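Notes to accompany the following structure.
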Amino acid sequence: MAKTYDYLFKLLLIGDSGVGKTSILFRFSEDAFNISFISTIGIDFKIRTIDLDGKKVKLQIWDTAGQERFRTITTAYYRGSMGIMLVYDVTNEKSFENIKNWIRNIEENASADVEKMILGNKCDLDAKRMVSKERGEQLAVEYQIKFVETSAKDSLNVESAFYTLARDIKAKMEKKQEASNPPSRSGAHPIKASDMQRKPASWLSRCSIL
Amino acid sequence: MHILFALKTLYHNLYLKKVPKIRIMADADIKTTVEETNKDYVEDGKNKLNVKCKFCSSKILDKQSANYITQEKQLPLMQQDNNREEGEIQTESVNEFYHVENMYTFENIGFTHSVDNYKYLSCADCDAGPVGYYDMNTKHSYVALSRVVHS
């Protein structure tokens, strides 16, 4: 059967336990009388189709919840992943500090050119906030990774964050394809690493509708 | 004489043929339902229309991307009764499915963690489900027609 999409990107959600990774992927709320079969078992991954500048892009998004208590994610999980969302909780200092450890874990296990983005989740809980937005931005500048504060609860900035990450992966792939200039569009599979220059984290974002 | 014959026939129909007749009718009904579904939603063995979530209209399958098949399969109910016994899974029998060979054919879909050799399929936007299942041996997916809408 003919392929019906232009790109396929595997994305991972990574971060400490309880930062809301599952809420980013999973929105179901249980009602009082019935228990949803799906919420009992839990979601492993989702496939989403988005349009990026006229290209049909399939995102396969994996939740790593349940694995993070081992403090590392195994190489198997990273295999083939092209983008990683590093998630911390703005009401949990430790989860923010651990972002550095997660970055190290990624450097040791994931492909060298994997695109990354930092998400400061639960920004709706302003009264309980422990990590300022400025500190999140500073960390992002330090690692030259894009950053945005999100609220999975209010669906704030979550979708746009995935679009941003996907757009960056697509741009990187297209650049590589141009560099090796093959006449045919090979699409879904990345060509092996060439060292790319990282863009500075100039992408402005705030936890409010602009 | 005619009345007697008519009564005899009536007796025959009502009592002797009652049970098999009803069963035959039931079979015919199922066939009719399947054929009607075919006509409305299936064209050339594929889904004629887009397949969407019943609850939030999230697009699950693009039109003409999956094959219509009939098979009997027990599928867990979307809502499990709180009063059910512990560990019990309430299911119902489902007969009509869309067969999806490659998971990337889906527009938007969720895959649950594995249960035995299956993953269940859920709406990627509202998480309603199971709308079908994924067989880990064959890597093929099956979407239940009764759990989705067409448009």
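Brief remarks on what is shown
- Any hit, segment A:93-109, residues being part of a loop (DSSP other than H, G, I, E, B) and in contact with a Gly (Cβ under 9 Å, 6 or more places away or on another chain): no
The rows are residues; the columns are (1) within 13 Å of residue B:51 (Cβ to Cβ); (2) at pLDDT 95 or above.
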{"position": "B:69", "(1), (2)": "no, yes"}
{"position": "B:90", "(1), (2)": "no, no"}
{"position": "B:94", "(1), (2)": "no, yes"}
{"position": "B:99", "(1), (2)": "yes, yes"}
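- Single unsatisfied condition, residue A:77 versus (1) in contact (Cβ under 8 Å) with a residue 40 or more places away in the chain; (2) touching a Leu at 6+ places or on another chain (Cβ under 9 Å); (3) outside any loop (DSSP other than H, G, I, E, B); (4) open to solvent by less than 30 Å² (accessible area, probe 1.4 Å): (4)
- Listed by position, the strands (runs of 3 or more DSSP E) contained in segment B:42-151 that have at least 1 residues being more than 17 Å from the chain's Cα centre (by Cα) are B:59-61, B:79-81, B:109-112, B:118-122.
- Hits in segment B:93-148 (condition: at the interface with another protein chain (Cβ under 9 Å from one of its Cβ atoms), charged (D, E, K, R) and farther than 21 Å from residue B:68 by Cβ): B:119, B:125, B:127
- Within segment B:108-120, being touching a residue at least 40 places away in the same chain (Cβ under 8 Å) and surrounded by 22 or more Cβ atoms within 10 Å (Cβ to Cβ) holds for B:109, B:120.
- The criterion of being open to solvent by 30 Å² or more (accessible area, probe 1.4 Å) and free of Cβ contacts under 8 Å to residues at least 60 places away in the same chain holds for residue B:101.
Here's the yes/no breakdown for (1) within 12 Å of the chain's Cα centre (by Cα); (2) modelled with pLDDT of 95 or more; (3) assigned to a strand (DSSP E or B); (4) more than 20 Å from residue A:101 (Cα to Cα):
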| site | (1), (2), (3), (4) |
| --- | --- |
| A:139 | no, yes, no, no |
| A:142 | no, yes, no, no |
| A:160 | yes, no, no, yes |
| A:182 | no, no, no, yes |
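- Subset of segment A:9-48 (residues that are part of a strand (DSSP E or B), at the interface with another protein chain (Cβ under 7 Å from one of its Cβ atoms) and either open to solvent by 30 Å² or more (accessible area, probe 1.4 Å) or at pLDDT below 85 (or both)): A:34, A:35, A:36, A:48
- When segment A:80-104 is filtered for residues that are surrounded by fewer than 18 Cβ atoms within 10 Å (Cβ to Cβ) and polar (S, T, N, Q), only A:101 remains.
- Options B:79, B:74; residue that is more than 10 Å from chain A (Cβ to nearest Cβ), open to solvent by 50 Å² or more (accessible area, probe 1.4 Å) and either without any contact (Cβ under 8 Å) to a residue 12 or more places away in the chain or under 25 Å from residue A:42 (Cβ atoms) (or both): B:74
The values are calculated or read from the model by the stated rules, or taken from the named source; none is laboratory data. This one's a predicted model, so the numbers in the text were calculated from it and none came from an experiment. All Cβ positions, even for glycine, are placed from backbone atoms using ideal geometry, and neighbour counts span all protein chains on display. The area values use the complete protein model at the heavy-atom level, side chains included, leaving out ligands, DNA and RNA. Shrake-Rupley method; radii C 1.70, N 1.55, O 1.52, S 1.80 Å.
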